[in-house]
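A short write-up of the structure that comes next.
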Amino acid sequence: MNRKGAGWMMSGLLLLILGAPGQAQALTNDVEVTIPNYPVHLNGHLVDNKNREYPLLVYKEITYVPMTWYDARLLGLESSWSADGGLQIAQKIVASSYVGYRSEQMNAAVYHAQVSEGPISVNGQSIDNPKEPYPLLSFRDVTYFPLTWRFAHDAFHWDYAWDAVEGLSIQSSNAQVMDVSSLPSDNDRALYQGYYYFVETEGSTNEVYRTPTAGSDSKELLYTYDIDSGHGLQKNVTFQLREDVLWLRYHVGGATMGHDVYVRIAPDGKATVSHQGYLDFRETDDGTVIANQGNPPSAGNLSLVPEGKDRASARQLGEPGMMYGRHVTADSNMVSVGGDGGSMRVIGDDVYVIGSAYPPTTGALNHIFRIHLKDGKSVPLVNASVGQFRIFGSSLYYIKDEDASLYRAELDGTNESRLTDKPVAWFGVMGENVFYTSSGSGVADPEKPSSLYLKNGDHPEGILLLDAVKSAQIAGDRLVCVMGDDSPYGMELLDDSGSIVLKIANGIERVLASDEGLLIAAKGEAGALTTLFVK
């Protein structure tokens with residue numbers, strides 16, 4: 001179901017109840033309902049019933065909640081419908097942020113709803129709805145569910161409280177999605193050591209702030225810079241977490257003559273410009289390993305800058321005739337140089353990196369090398385052209401250019417084995433399992449969602465887990481999949497066995513930098529961008 005379509009905000013219950021012509025359930029027996037005249041909180045959110053398109057209702061002194069797409073999943077409910085089984089409502093591992101469904105028209109005090117007929121089951125138990133003292137109702141073409149003790153407490157195990165002043169409070173037991181709507185959403189943001197980090201643009205100046213996650217309205221200015229460098233207002237920034245350190249990255253100037261700026265942000269909020277240029281870097285106990293990625297490309301571009309020194313003090317690493325940290329494509333007509341997918345990795349006193357003879361000759365192209373930081377000497381590990389690699393545990397995992405398949409070898413390059421027959425765009429390892437995505441091409445294409453597979457044992461094709469995955473990454477102990485626009489859910493989270501642990505209803509743009517839980521750029525009401533947080 002396309003969440004963007006004309007009916008995507010309607011409840012899954014509604015769409016399935018209406019069904020195709022001839023399959024719709026009969027809706028009979030008008031009953032009088034009222035709008036609550038007392039406060040109602042759903043998972044801590046105060047419901048504005050006066051101006052809500054789908055307000056909560058009261059029937060026989062029982063509050064009813066609308067089963068819209070978001071309201072149902074806010075409470076951890078999902079539905080299905082079939083001609084034989086009818087409507088089935090059950091608790092699932094689903095969640096949503098709160099959506100207000102605000103309407104410009106104020107609701108009246110009294111309305112009429114209808115009692116739903118046909119087979120209905122709740123958590124697998126059939127109910128004879130017309131004979132129920134508090135039956136399911138239909139109002140404004142949406143199914144409404146009664147918040148009785150029997151259902152809310154006994155069937156769903158929700159916390160259910162009533163107070164003459166505070167009104168009704170329902171707290172469901174599913175995972176909660178918090179909408180951090182106070183954060184500006186027109187630039188990047190991050191969560192780091194108890195603070196949200198964000199950017200505000202004032203004229204031609206970018207101002208970088210942080211605010212406590214505890215809920216304070218205060219904000220602390222950390223860093224400012226001019227975004228007008230003669231090439232238009234370059235306001236876009238990126239927050240990155242590198243080895244548990246927060247970095248701010250932005251661009252200055254043109255594509256060729258300009259450069260990137262990397263600002264290190266300390267836990268106390270101090271922001272320091274640490275690197276400038278087109279480069280990739282890794283911080284070590286001996287200093288900073290830098291792979292120069294500027295143009296024109298050049299050999300001898302890998303160096304170690306001692307701690308506390310500038311780049312003028314850098315010591316070259318590896319062979320002077322090799323270019324490191326870049327992917328080279330060469331044929332009889334042209335040579336092109338791109339990125340290595342961030343593959344460079346430092347372990348102990350060694351840096352593992354892709355290297356190529358440059359200018360390209362009959363020598364190595366995109367081979368994997370281990371280079372010792374103390375003496376700068378290099379050792380070849382994988383003598384094949386590799387698009388990207390990762391190190392998990394004591395193993396190398398890499399995608400070969402010749403077939404775009406995924407391979408594994410020991411850390412010294414021995415005992416190579418091919419893991420997939422499919423071309424791989426992304427891969428990661430959790431526990432003993434290898435996860436990878438494939439769209440029929442070894443290049444990730446945001447416009448062409450991929451399928452997610454789990455490689456377990458000797459099955460060459462892997463075990464299919466999900467279709468229509470737009471992007472995947474490992475965050476802590478969860479595999480985070482941002483789903484394509486035509487998928488029912490915007491995000492699905494899996495554990496290291498490949499089992500789904502949570503499905504999030506909201507449309508998701510991307511995952512943001514965070515050292516705690518998940519910080520997510522998402523689509524809010526009416527397509528507005530917002531920020532969500534999931535523990």
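Just so it is clear, none of the values below were taken in a lab; they were calculated from the coordinates. Quantities reported herein were computed from a predicted structural model and do not represent experimental measurements. All Cβ positions, even for glycine, are placed from backbone atoms using ideal geometry, and neighbour counts span all protein chains on display.
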With no solvent and one equal point scatterer per Cα, compute the Debye intensity ratio I(q)/I(0) for the range 148-193 at 0.15, 0.27, 0.28 Å⁻¹ and report its log10, rounded to two decimals. -0.63, -1.02, -1.06
Translational diffusion coefficient, Stokes-Einstein: compute it for the chain using the Kirkwood radius over C-alpha pairs as Rh, at 10 °C and 1.306 mPa s, and state it as an integer in µm² s⁻¹. 60 µm²/s
Determine the distance separating the Cα centre of the range 421-440 from the Cα centre of the range 190-232; give it in Å without decimals. 36 Å
Using the number of other C-beta atoms within 10 angstrom as an exposure proxy, rank THR420, THR143 with the fewest first. THR420, THR143
Only Lys, Arg, Asp and Glu count, each charged at its Cβ (+1, +1, -1, -1), so figure out the dipole size of the chain about its Cα centre, rounded to 20 debye. 420 debye
Return P(r) of the range 12-174 (all Cα-Cα pairs; 10 Å bins starting at 0; whole %; ordered from short to long distances). 10, 42, 38, 9, 0
Rg over Rh [alpha-carbon atoms, Kirkwood Rh] for the range 390-431: 0.94
For the range 453-504, what Kirkwood radius comes out of the mean inverse Cα-Cα distance, in Å? 11.5 Å
Per-pair calculated FRET efficiency, R0 = 51 Å: HIS153 and ALA255 via Cβ, rounded to 0.05: 0.25
Two pseudo-spin positions, 7 Å from Cα along C-beta at ARG418 and at GLN316, lie apart in nanometres by 3.8 nm
Just want to confirm a number: the relative contact order over the range 12-174, from Cα pairs under 8 angstrom separated by 6+ residues, in percent. 29 percent
Defining a contact as two alpha carbons under 8 Å apart and six or more residues distant in sequence, what relative contact order in percent does the chain show? 10 percent
Listed peptides 185-191, 267-273 by packing density, highest first (mean Cβ within 10 Å): 185-191, 267-273
Can you show me the helix-derived [θ] at 222 nm for the chain, built from DSSP H runs with n ≥ 4 at -39,500 (n - 2.57) apiece and divided by the number of residues, rounded to the nearest 500. -500 deg cm²/dmol
